[in-house]
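Asker: Got a structure here, written out as structure tokens. Questions coming.
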Amino acid sequence: MAPCRLRAGWLGGLGGLAIALLLAAPALANGQLLVESEPSGAQVYLDGRAIGQTPLLTDDVPDGPHVVVLRRPGYRDGRLGVRILRDLTTRKSLRLRAKGPGGELRVTRWPAHPKPRVPRPHPKPRPVAPLPFDTPRPQIEITAAPPEPVSIPSLAPVRPLVPAPGLPWQHMAFYGLMGMFLALLAGLIWQRREEPADWQADKPLARFHPLTPGRLPLPAVECCQRGMRLVQAGQVRLGAEALLAAYRQAPGVQMIYNLAIAWHLTGSPLAETAYRTAIQLDPAHRDACFNLAKLLDDAGRPLEAIAAYRQLIAAVPGDGAAWFNLGNAYARLGMGAEAVSALQRARKLLGDDAACRHNLRLAKRLRPWWRLLAGRRAKPLLLSSG
């Protein structure tokens, strides 16, 4: 599983590098300008430089304010100001005004409320001498210049903008390394918080207690021994019936404890009652407390199992198997610091135990990531007798 986790961390780092490169991709620094006029075919000057005739679509116009001038023979020059925005197309339209035959065509605007005129007396007409018939009358001839041919060029399709030169390689390298570092850190935190795999099982149940024939009736001892042999041979139900018959003949702590083990192996709910009865008869019965805690843990009651293990450790602090199972129970609940503390204590008591060493290495991944970065050790468990 370790190579898989390392591979996942490297894949996360490569993904972070790709994301950082996308984020560091250079943005377009220029914009587009679309100029139209009525009539079309006017020469376009951008900041005093001729760039073509209308309609005109030009690329690579620097960002900022500019001055556009339109010139066409027979029309007044058109002047307008534009502001180019980055990555956008700015469109401007202008209607040119024609010139008169003697110069520019001037339009006089009359006031909205003209002044009233004072009537004047009409002058008497003066006699006009008749013109001789042979005098030619003046002829007024109005000639107009032929209109210039207008060529309307076809509109050019809008083309995508060409990206500007990218950022310096130092910036791209910095963002790439930063993205890889963040991705590796996220992968490490994810690996630390995942459930540990290949977890070693808890320590097994305590064994049967052999009986001494001197203190108990011989028939009860023989029946109990026969039941234990049946359980060890795999016939658990027949062994449980024999142990129940022996307990009825001679009730006691040893009889009820052995019967609880048989019921525990058969999955009977009476096993918990039998263990608690043995603990009531003998509160210092270590094997009964240990088996009861393991029964509660196997039944999906981890909090009650932890309380039972803590009660046993309070009575017997040097029980390494109890510390080992307690650390496993904490780890199954995701309590990494408590699991590490309990397994470290179990390793000191059990010595060089392979299962304890393996579970301790997996439990360290459950500790919070801030403790991993700070290098703080887990706090020791506070045990109580309750």
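Asker: Take the stretch 45-59 and flag every residue that is closer than 22 Å to residue 87 by Cβ and among the aliphatic types (A, V, I, L, M).
Answerer: Listed by number, the residues that qualify are 46, 51, 56, 57.
Asker: For residue 30, all conditions in the list (1) surrounded by 15 or more Cβ atoms within 10 Å (Cβ to Cβ); (2) modelled with pLDDT of 85 or more hold save one; what is the number of the exception?
Answerer: For residue 30, the exception is condition (2).
Asker: Among the residues of the stretch 348-364, what is the count of those that are assigned to a helix (DSSP H, G or I), charged (D, E, K, R) and either over 12 Å from residue 324 (Cβ atoms) or touching a residue at least 60 places away in the same chain (Cβ under 8 Å) (or both)?
Answerer: Here is the first cut: in the stretch 348-364, the ones assigned to a helix (DSSP H, G or I) are 348-350, 354-364.
Now narrow it down to the ones that are charged (D, E, K, R): 348, 357, 361, 364.
Narrowing the set further to residues that are either over 12 Å from residue 324 (Cβ atoms) or touching a residue at least 60 places away in the same chain (Cβ under 8 Å) (or both) leaves 361, 364.
Of the residues in that region, 2 qualify.
Asker: Here is a further query. Condition test on residue 264, is it open to solvent by less than 20 Å² (accessible area, probe 1.4 Å) and closer than 19 Å to residue 204 by Cα? Steps first, please.
Answerer: On the way: open to solvent by less than 20 Å² (accessible area, probe 1.4 Å): no; closer than 19 Å to residue 204 by Cα: yes.
In short, no.
Asker: Within the stretch 69-91, work out how many residues are open to solvent by less than 70 Å² (accessible area, probe 1.4 Å), under 22 Å from residue 30 (Cα atoms) and in contact with an Asp or Glu (Cβ under 8 Å, 6 or more places away or on another chain).
Answerer: Adding up the residues that qualify gives 2.
Asker: Looking only at residues that are under 13 Å from residue 362 (Cβ atoms) and surrounded by fewer than 22 Cβ atoms within 10 Å (Cβ to Cβ) in the stretch 323-335, which one is farthest from the chain's Cα centre (by Cα)?
Answerer: 332
Asker: Among (1) assigned to a helix (DSSP H, G or I); (2) open to solvent by 50 Å² or more (accessible area, probe 1.4 Å); (3) modelled with pLDDT under 70; (4) among the charged types (D, E, K, R), there is one condition residue 195 misses while meeting the rest; what is its number?
Answerer: Against the list (1) assigned to a helix (DSSP H, G or I); (2) open to solvent by 50 Å² or more (accessible area, probe 1.4 Å); (3) modelled with pLDDT under 70; (4) among the charged types (D, E, K, R), residue 195 comes up short only on (1).
Each row is one residue, and each column tells you yes or no for (1) over 27 Å from residue 365 (Cα atoms); (2) open to solvent by 10 Å² or more (accessible area, probe 1.4 Å); (3) not in a helix (DSSP H, G or I).
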residue	(1), (2), (3)
272	yes, yes, no
284	yes, yes, yes
288	yes, no, no
293	no, no, no
297	no, yes, no
309	no, no, no
321	no, yes, no
339	no, no, no
344	no, yes, no
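Asker: Name the residues in the stretch 346-355 that are surrounded by fewer than 24 Cβ atoms within 10 Å (Cβ to Cβ) and not charged (D, E, K, R), would you?
Answerer: We begin by selecting, within the stretch 346-355, every residue surrounded by fewer than 24 Cβ atoms within 10 Å (Cβ to Cβ); these are 347-355.
Hits for the stretch 346-355 are 349, 350, 351, 354, 355.
Asker: For residue 233, state whether it is among the aliphatic types (A, V, I, L, M), crowded, with 16+ Cβ neighbours inside 10 Å, free of Cβ contacts under 8 Å to residues at least 40 places away in the same chain and over 24 Å from residue 317 (Cα atoms). Even if it seems obvious, please write down each step before you answer.
Answerer: Numbers: among the aliphatic types (A, V, I, L, M): yes; crowded, with 16+ Cβ neighbours inside 10 Å: no; free of Cβ contacts under 8 Å to residues at least 40 places away in the same chain: yes; over 24 Å from residue 317 (Cα atoms): yes.
Criteria not met by residue 233.
The values are calculated or read from the model by the stated rules, or taken from the named source; none is laboratory data. Just so it is clear, the structure is predicted and the values come from calculations on it, not from any experiment. Positions of Cβ are backbone-derived with ideal geometry, glycine not excepted, and every protein chain shown enters the neighbour counts. These area figures cover heavy atoms from the full protein model, side chains too; ligands, DNA and RNA do not enter into them. Shrake-Rupley method; radii C 1.70, N 1.55, O 1.52, S 1.80 Å.
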